[in-house]
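*Asks:* Quick one: the structure is below, questions incoming.
The values are calculated or read from the model by the stated rules, or taken from the named source; none is laboratory data. Quick caveat, the model's predicted, so the values are computed rather than measured. So basically every Cβ, Gly included, is an ideal-geometry build from the backbone, and we count neighbours across all protein chains shown. Accessible surface areas use protein heavy atoms only, side chains included; no ligands, DNA or RNA. Shrake-Rupley method; radii C 1.70, N 1.55, O 1.52, S 1.80 Å.
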Amino acid sequence: RTAAVDMLRLLAITPLALAADVADVATAAAVAAADPFGQHCRCVPATDGTLPPCWTEADWDGLNRSVGGRLIGRDSLLLPSETTGNSSLLTDFDYLTSQPGFTFWRGYSGRWDQRTARSEYAVLAENAADIQAAVRFAALHRLRLVVKGTGHSFQGKSSAAGSLLLWTHRLRDTQWHERLEVCGKEYEHPVVVAAGSQFSQTHEEANQRGRMEMAGLCPSVGFSGFASGGGHGIFSRSYGTGASSIIQAEVVLANGSLVLATPCNEFADLLRAVRGGGGGTFGVIVSLTYRTFEQPRSVGTIQAQMAVSDLTEMSLVTQEFLNSLRENVMSKGMLQHLGGNLVLQPLLKRITLRMAYVGISSSECAALFSNMTNHMKVDCVPAKSWIDVAVLNKTQLGSMANGRWLSFMNRYFTESVFDTEQSTATFSNGIKRIFELNPRRLEGEHSQLHIMLHWGLSGASDTALQNFTHTSMNPAVAESVGVIMWERMLPDTFFLAGKEESQSTHAQMQEDEARTLAWTDQFLGEGAGSNLNIAGFSGPGWQRRFWGSNYPFLLQAKDKYDPQGLFFCSNCVGSDRWTSDGNCRMPLV
C-alpha cells in the first residue's frame, strides 16, 4: 500500500481523480513494483509480444468500459496499404486523416516508419471524459502515450511502437459566438473548435458567416496541432499567427483534470505555453476558443513561372527576385499585404511564384510587381473568396500525401538578407549550395526549396505584432522576413511500384542532411531559428531554434503541469530528458 501511495504521489494524481477504472490501489502498487531499481522507464510490450508486469488484459477491459467501448487493439490499427486496394485513396486527404492507424506521411527515412511505430492500443475519444480516462490510465500504468488528431507531424510525433494512442479526430464540434467576453475583453464572432476540427470544415462555416480564421494552406490539418505549434497562414502578416488567435484553451492535464486556461485565471501560464509551445506537450487540448476576422474585401493570387536551365540561372533569378522585393515592396511598407512563397525546383528546371495579396486591389498588386524581374511575368489575379487563396487544393498537395520524407528542414531569415545586392547574392548562392549538397539518390525522388514569405512577421501589421507578444513562439519570428524550407521526398508512386530504400540509402540521406544543416547554419548564422510546425530533425540546439528565449519559461510550465513527463514527443519541450524513443528517462548528470 505504501508503494501505491508513493506511486500516486509521484504521478500527482489524487485517489478521487483516478475514477472507477483506476481506483484499485493494488494496481498502483504493482506498477510501482515493476520498476524496482528506479530506472524510470515506461511499460511497453517486449519485442516478442510479452506483456510487461504493469498491466493485464483485465486492466484494458476496464479502460474499454470507461470509454464506452471505444478502445481498439493493435490489429485494428491498420495502415493505408492494409485497408484498401484503391491506390487513389492512399493520397486522399480525407481518407488518410479519418483512420486512427494512419499518418499523413509514410515516415522519415531512417528516423521513423509508420509500419514499425504502431500503437498497441488506441482510444477513439469522442469527448473530454474519454480523454481524461485515457490519460489517467496511461499515467497509472506508466505507458508511452501519444496524441493524434490528423497525423501530419513530419517527425512522427503522434506515432510510437507499443504506445497507447489517444485519437482526438472524432471531436469535431464547433460553436460560434456572436460575441464573447474573456477576461474583460470582448471578441467578435469567435469560434470554439474541438480537438479534431480541421481547416476544411471550419473554412466553410466561417465563410457562411462572413468571417475568416487564421489557418494553414493544407485543408486536412487540424487546429490544435497547427495553433499550438505556432501556425502561420498566408495572411499572417496582416492578422497574426494561429498561436496568437487562441483566446482560451480547454486542456486535460497529466493528472487527468480538465481545466480552462484563460489569460486571467490560475492557468494563464498554461495558455501562454499552449500558444506556440507545441502540441502533445503540456496536456491534451480538448478545444480552443479561436479568433476570427471580418473577411477581407480584396484578395487575390500572385502567379508566375519560368524555366531555368541550371542551378546557376536559378540562383541569378532568385537574387533578382529578392532585389526587386526589397525595392518595390519592402521599401514601401507593403509586405504586410503579401504572403506565399517562391518555389525552386531544379530537377524540374523551373521556378514558381505562388503568392497572395490581401487588403489591396489587383491593380495595386500589379504595380508592386510590375518591375519584379526581367525573367518572369507576374500576374495579380483577383479571387472570389479568401478560401480560394488561403488553401491549396488537393491537386497541388496530393503528390505529397503518403510519401516518405528523406530530408526536411527550415530556417528563419531576417531583413539583413536584403541589405545590399551582395547580401542577396550571398543568400541566393547559399540556397544553390543546398541543392549541390543533395545529389539525387533514388529514381523518383523529388526535391525543392521554398522561400516562404509569410512565415515571419517583419513588416507585419501592428495588430499581428502586438498579439504575437502573448505567445511562447520564438521571438525571432517578429524580426524574420520568412523561412527557407528545404524538402526531399519519395512520393507514394515510388512505393506503389514496389520499391523501397536500402539501409545504405538511409545512411546517405542522413549524411546529406547533416551537411545541409551545417551549411545552412554557416550562411544564415548558427543563431537562425526554426519553425516548429514544419521542422524535420533539426539537430542539436533545437530548444533555442524553436523557442529562443522562451524555452526556460516553457520548461518551467512543463515541470509544473507534467512533472513526470507523461506527454513526450520528439524535439518537444523537455524531451531531451528522455531517450529518443521516449521510453526511459536519461540519467541525471
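*Asks:* In whole Å, what are the Cα extents of the range 452-589 along the three principal axes, biggest one first?
*Replies:* Here the Cα extents, ordered largest to smallest, are 51, 41, 30 Å.
*Asks:* Unpartnered cysteines of the chain (Cβ-Cβ under 4.7 Å counts as a partner)?
*Replies:* So far as the 4.7 Å Cβ criterion goes, 218 stand without a partner in the chain.
*Asks:* Next up: Could you tell me whether the range 527-574 comes out rounded, prolate or oblate from its Cα gyration tensor? Rule is a ≥ b ≥ c as square roots of the eigenvalues, rounded for a/c under 1.5, then prolate if a/b exceeds b/c, otherwise oblate.
*Replies:* Since a/c reaches 1.5 but b/c is at least a/b, the shape of the range 527-574 is classed as oblate.
*Asks:* While we're looking at this one, here's another question. Taking every pair of distinct Cα atoms and averaging 1/r, then inverting, what Kirkwood hydrodynamic radius in Å comes out for the range 259-378?
*Replies:* It is 17.6 Å.
*Asks:* Rounded, prolate or oblate: which fits the range 87-214, taking a ≥ b ≥ c as square roots of the Cα gyration tensor eigenvalues, rounded meaning a/c under 1.5, else prolate when a/b beats b/c? Spell out each step's value before the answer.
*Replies:* Numbers: a/c = 2.60, a/b = 1.50, b/c = 1.73.
Cα axes put the range 87-214 in the oblate bin.
*Asks:* Near residue 157, which lysines are there with a Cα under 28 Å away, not counting those fewer than 8 places off in the same chain?
*Replies:* The qualifying lysines are 148, 394, 499, 558, 560.
*Asks:* In a shell of Cβ-Cβ distance under 15 Å around residue 418, excluding residue 418 itself, what net charge do Lys and Arg (+1) and Asp and Glu (-1) give? Please report the intermediate quantities before stating the final value.
*Replies:* Working: positive: 326, 332; negative: 320, 327, 415, 419, 421, 479.
Spelling it out: positives minus negatives among the neighbours equals -4.
*Asks:* OK, next. Can you give the relative contact order of the chain as a percent, counting alpha carbon pairs under 8 Å and 6+ residues apart?
*Replies:* 15 percent
*Asks:* Quick check for me: using +1 on Lys/Arg Cβ and -1 on Asp/Glu Cβ, what's the dipole size of the range 360-511 about its Cα centre, in debye to the nearest 20?
*Replies:* 340 debye
*Asks:* Then there is this: For the range 169-306, treating each Cα as an identical point scatterer without solvent, what Debye log10 I(q)/I(0) comes out at q = 0.11, 0.13, 0.14, 0.19 1/Å?
*Replies:* Log10 I(q)/I(0), no solvent term: -0.38, -0.53, -0.61, -1.10.
*Asks:* Take the Cβ-Cβ distance between residue 268 and residue 209 as r, set R0 to 35 Å, and report the resulting FRET efficiency rounded to the nearest 0.05.
*Replies:* 0.75
*Asks:* Can you pull the one-decimal nm distance between simple spin-label points at residue 350 and residue 497, each 7 Å off the Cα toward Cβ?
*Replies:* 1.9 nm
*Asks:* Okay, moving on. Within 10 Å of each candidate Cβ there may be at most 13 other Cβ atoms; applying that plus a DSSP loop requirement, which GluC sites (Glu not before Pro) in the range 197-282 survive? Don't skip to the end; give the middle numbers.
*Replies:* On the way: sites: 204, 205, 213, 250, 266; in loops: 213, 266.
Sites meeting the loop and neighbour criteria: 266.
*Asks:* In nm, give the distance between the simple-model label positions of residue 588 and residue 526, each being 7 Å from the Cα along the Cα-to-Cβ direction.
*Replies:* Distance between the two pseudo-spin positions: 3.0 nm.
*Asks:* Between residue 403 and residues 5 or more places away or on another chain, which pairs have amide H atoms under 5 Å apart, with H built 1.01 Å from N, and which residues are they?
*Replies:* 106, 492
*Asks:* Which FRET efficiency, nearest 0.05, do residue 327 and residue 56 yield, Cβ-Cβ r, R0 56 Å?
*Replies:* Values: r = 70 Å, r/R0 = 1.25.
Using R0 = 56 Å, I get an efficiency of 0.20.
*Asks:* Given points 7 Å out from each Cα along the Cα-Cβ axis, report the residue 294 to residue 478 separation in nanometres with one decimal.
*Replies:* Label at residue 294, label at residue 478, 2.7 nm between them.
*Asks:* Accessible area of the range 126-175 with a 1.4 Å probe: how many percent of it is carbon plus sulfur? If you can, show how the numbers build up before the last one.
*Replies:* Details: 520 of 1260 Å².
Carbon and sulfur atoms account for 41 percent of the accessible area of the range 126-175.
*Asks:* Mean Kyte-Doolittle of at least -0.5 and a Cα length of 20 Å or more along the axis: which whole DSSP H helices of the chain meet both? Don't skip to the answer; put the middle values down first.
*Replies:* Details: long enough: 311-328 (25 Å, -0.24); 421-436 (22 Å, -0.59); 503-524 (31 Å, -0.99).
Sorted by number, the helices that extend far enough and score high enough are 311-328.
*Asks:* Follow-up. How about residue 432: which lysines have a C-alpha closer than 22 Å to its C-alpha, ignoring those fewer than 8 places off in the same chain?
*Replies:* Here the lysines satisfying the reach criterion relative to residue 432 are 349.
*Asks:* May I pose another question? Where a ≥ b ≥ c are the square roots of the eigenvalues of the C-alpha gyration tensor, would you call the range 58-148 rounded, which needs a/c under 1.5, or, failing that, prolate if a/b is larger than b/c, or oblate?
*Replies:* Numbers: a/c = 2.30, a/b = 1.73, b/c = 1.33.
In terms of gyration-tensor shape, prolate.
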